[in-house]
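What follows is a set of notes on a single structure, which appears directly below.
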Amino acid sequence: MSDGPDPTGSAGLLISGAGSVGAALALAAARAGVPVTLVERREEAELRRDQRLFVLSEPSWRWLGEIGVLAHLETPACPIREICVEEPGQPSVRLEALDVDLPVLGYTVWAHGLEEALRRALRSETAIRLLYGSRIERSVPVCGEAHYRIETPQGATQITPPLAVIAEGQPPAWALGSGMRCREKDTGRAALVIPLASRVRPQSAQAYEQFEDRSLLTILPAATDRSVVIWTRPRAEARSFMEASPEKRRLDLSRQIRCRPEAMTEEGNPVLFDLISRRVTPPCADRVLLIGNAAHTVVPFAAQGLNLALRDARHLVDAIASARVRGEDWGGGAWNARFWASRVCDHRRVDQLTLGLPRLFEQTDPMVRLIRRGGWRMVARSRTLQRRILVRGLGWNP
């Protein structure tokens, strides 16, 4: 537990989950003058070394710099200046940072490096009370206030914040008991994350997306001339890939991206994630609000999930700051509902991109394919359409 004031009064914010989203939210709130209690189930020594590669859009990267995270980042990041999108048999589309007047579209950074930078930044903020190895037991509403019991290694404590934000990987049972409904849908697909020891594509600052009828493949450049492949496939095919020998996996992957097999050397074992779509409706109640994966899981396409959650956090801090200036009672049911109403368009846009576009490429109807390929050729020829795709993909004008 970090030293600092006990933010349990009427101005404090309670956050459950000290992962990337919860930690960024806590830092932004503290920078805005809101004291924070940040609760993490795991002990600090138990935090695993996350081997994923995060993709941060340029707006997300800039915001993390504004709240003091990048000053603590010791792991090198790799810029992305171009995204090449291909469908076999069709002209490729290249989306470039210059199309939106930016030096880069975003950065890739190792998850463990970003999370360590977040922990260092948290320790430097005296307005954040960080409770490792702790958990929120329950909320007891009394006269419009929510009394939260927190179990810590030192014993139980109770606080009464205006708002509790759940930024964990999934919503806890006590939150769903507040009238929220969790709906899950098994997509029947899985995402393979395959770290490679070399740079697969020759361009060092290029990300690559490949659409096919039954799969979606992404190649991300990483620092130190490495690559990470994210391959979304039907679950049975993904599991067969995992069970194959490294030689067979290397051959299958090299055929998929038309690359020399010797360039496919794995660095560590691939990881498989079953894709289960989950949405909580409504993602808020009186004095409690869900953000990130706790509220809405996103298919791993176009690096939208983490960036959407960071936008949720940024907009929430802005809304709290505005409410405090106006003297509003922030965190109540009506206030939370208005906040989420302001975020609906952004979430709908991400769903259209991450669910609609891959689903369009899965269509086998000849007429649908003909129309899709005609539209694809229009995008390949039109810089205006390419710019619009980039603007929406970066989360601007949602």
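No lab work stands behind these numbers, since they all come straight from the coordinates. As the structure is a computational prediction, the values presented were derived from the model and not from experiment. Every residue, glycine among them, receives a Cβ derived from its backbone with ideal geometry; neighbour counts consider all protein chains shown.
Under unit Cβ charges (Lys, Arg +1; Asp, Glu -1), what dipole magnitude, rounded to 20 debye, does the chain have relative to its Cα centre?
Once rounded to the nearest 20, the dipole reads 1160 debye.
Only bridges with both residues in the chain count here: give the DSSP antiparallel percent, nearest 5.
Around 75 percent antiparallel, to the nearest 5.
So which trypsin sites (Lys or Arg not before Pro) in the stretch 212-291 end up in coil per DSSP with only 15 or fewer other C-beta atoms within 10 Å?
ARG214, ARG258
To check my understanding: the extent here is largest minus smallest coordinate of the Cα atoms along each principal axis. What are those three numbers for the stretch 187-275, in Å, largest first?
Result for the stretch 187-275: principal-axis Cα extents of 33, 25, 21 Å.
Using all C-alpha to C-alpha distances in the chain, build P(r) with 10 Å bins and read off the rounded percent in each one.
Whole-percent P(r) values from 0 Å outward: 5, 22, 31, 25, 13, 5, 0.
Take the Cα atoms of the stretch 62-188, build their convex hull, and give its volume per residue in Å³.
Hull volume normalised by residue count: 219 Å³.
Multiplying the sequence separation of THR75 and GLU247 by 0.36 nm and subtracting their Cα-Cα distance, what value in nm do you get?
58.9 nm
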